[in-house]
1. Quote the FRET efficiency, to the nearest 0.05, computed for Ala633 versus His391 with a Förster distance R0 of 41 Å and r equal to the Cβ-Cβ distance.
2. Hey, what did the chain get for relative contact order, percent, Cα under 8 Å, at least 6 apart?
3. Please find the FRET efficiency linking Arg135 to Lys543, where r is the Cβ-Cβ separation and R0 is fixed at 35 Å, and quote it to the nearest 0.05.
4. Between the range 365-386 and the range 418-438, what is the C-alpha centre distance in whole Å?
5. Mind ordering 590-600, 431-441, 270-280 by average Cβ neighbours within 10 Å, highest first?
6. Provide, for the chain, the number of lysine pairs with alpha carbons under 23 Å apart, each pair being eight or more places apart or on different chains.
7. State the Cα centre-to-centre distance between the range 492-521 and the range 15-79 in whole Å.
8. Within 10 Å of each residue's Cβ, count the other Cβ atoms and sort Phe147, Phe604 from fewest upward.
Amino acid sequence: MRPDQLSEFRVPSDAFLHPDGVRVAFVVTRMDLEEDEYVRDVWLWDGEASRQLTFAGADTSPRWSPDGATLAFLRKGPADDDRPQVALLPIGGGEAEIVTDFELGVQSFTWAPDGARIALVVSEYVDGFEDEDERSRAPRRIKDPSFRFDNRGWTYNKRSHIWILDVEERDTTQLTSGDFDEAEPQWSPDGATIAYLSAAHQERWMRPFNQVFTTPSTGGDPVAVTPMGVWGWSGYNHAGDLHVIGRVTSDFTLDPNPFQRIESDGSLTVLTDLDRNLMPGHPPGPLARPMFLDDGSCTVVLEDRGAQRVISIGSDGAVTDIHGGRRVITGWCPTDDGRGAVFTASAPDQPGEVYLWDGEQERQITTLNDEFRARTDLVLPQEFTFDSDGHEIHGWVLLPPGEEKVPLLFNIHGGPFTQYGWGFFDEFQIYVGAGYGVVAINPRGSSGYGLAHGEAPCGRWAEDVPPDMEDLSAAPYAAAALFPRLDVERKGIMGGSYGGLATVMVTSMDTSYLSAVAERGVYNWVSMAGTTDIPWFMYLHLKVDMPDGVDEIWRASPLARAHRINTPTLVLHSEGDYRCPTEQGQQLFGILYRAGVDTELVLFPPEEGHELSRSGKPKHRVERFEAILEWHARYLNP
């Protein structure tokens, strides 16, 4: 695969079953390199074939009305009016009608059970300015330390609240208000109550713990139905019992959240407490979340050893595997009786398709990527494990066709509490297509292998050799021992975010790497503490905070050991990165330059943030790949 082929594959998402159990609405996303934009349209499976349903190029989040007569979705305006609004399309015939007109658009929505109303999440300005010119001219008056958020921009002057749309009258009424944000509204089966999530406390910027609230859907005072904690989802089963994924806590933790039921007396009953993450994804898609069935059970996507599979959780807490395989299931929408489902999934050699499942067999109902796969030599990964200090570490190797030795390119994922896995990853395919043998592992600190594995590095990055760095340092040599085509004498290393941090840490300990690319990483925790959009993140992983423990915080910083590096290092960063702000990359570049290391700094413009490699402008994604490939080729001669 080549960088210029990014526009050739399509990704399906949001595959929702029609109430008739046959038709399916879903979104198809592709990149348009010429126009430098993402094209997203709603498609329809009618029981016999899939076809494109909308053609505006900016449509997402299709949701059937309860009677199936109307399809609601979000439609963005042209580039100069990029605000998603709710559109309604009569499925029996007619044109889509945009029925909302909010200044900042609609973030998400959900139908009421009777189909007469829709709950909306709407962001609004709270700074008192009348127009954008006045707002952009004035100085920003900031009262809280987390005043901006990556890919969302400035947040200090906005609040998100729940509104109700009357479908017939096209009128909207504000349901919640105040100085706090609300998210994830869920209707009770009788339509009388809405549950939602909110961090309604003054320390939310530094301690982002939240609660589940309920409020009458016709207006009234909200009631907190859980104590403060970490709550990722709430929703009702068909009988009206409210369920949650989360836990009561006042501590930062990586512990996977349990699935619980809120009893009539307000107590919580733990139904499952699995040592794996439910609802994987960043953020999780709507169909990775629990979907309730008539019998009170629910299905939910679970993350495990590089895969994402579907489990059922019974009303008694019994857990049953439903569907999976060596792939990543990104969304699952079952029939009410649980005897069938529609789902989206990707695999290493498959960017994604939509499938039907009848309880035993599955059937692919789209052919979105058949042509792309036919003209592209996509490579399947080979799985391997190795021992690191008594711990089994899991990884993959991708090799280009042939028998000759190839340079080894070691990739490190971000997070660190995420995972590489069995899904399609354009990066691996492009690097192996350029002639590299790709090595990727899930070291200690990754998700998908249990709490002990995930928490192992926490509080230990100030050590000479932290646990995850021990795993990462050993991985290329373990892989080369099992796959002799990997030329360990010609090896490069790269990673983004935590992967950027780890790239610097590893090359400061192992000077035999010939090439490195450090991207959007954390290199100086001391300055990161005052500039990141998630100021709580440092304590979660270092177990200390500023100003206490400043010496340990510096020792945990890759910059504290960057002077040992002699590997030529390309530093990539985006000027609009609020997660790991640009100064992180600038500091690394400066230290390497002063030390005489062959280095360059590539800065993408302010319109790009931390997610450039995943959702940045298509042309920037191509230019990023070109810079990475040119740098590694300069030193590794693939």
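Any read-out appearing in this document is the output of simple, stated calculations on the displayed coordinates, not a laboratory observation. The structure presented is a predicted model; accordingly, all values stated were derived computationally and were not measured. All Cβ positions, even for glycine, are placed from backbone atoms using ideal geometry, and neighbour counts span all protein chains on display.
1. On the way: r = 34 Å, r/R0 = 0.84.
That gives a FRET efficiency of 0.75.
2. Numbers: 1542 pairs, mean separation 59.5, N = 638.
Rounded, it is 9 percent for the chain.
3. On the way: r = 40 Å, r/R0 = 1.13.
About 0.30, to the nearest 0.05.
4. 11
5. Values: 590-600: 15.7, 431-441: 24.5, 270-280: 18.5.
Ranking, from highest mean packing down: 431-441, 270-280, 590-600.
6. Values: Lys76/Lys158; Lys76/Lys617; Lys76/Lys619; Lys143/Lys158; Lys405/Lys491.
Close lysine pairs under the 23 Å cut-off: 5.
7. After rounding, the separation between the Cα centres reads 40 Å.
8. Working: Phe147 16, Phe604 23.
In increasing order of surrounding Cβ atoms, one gets Phe147, Phe604.
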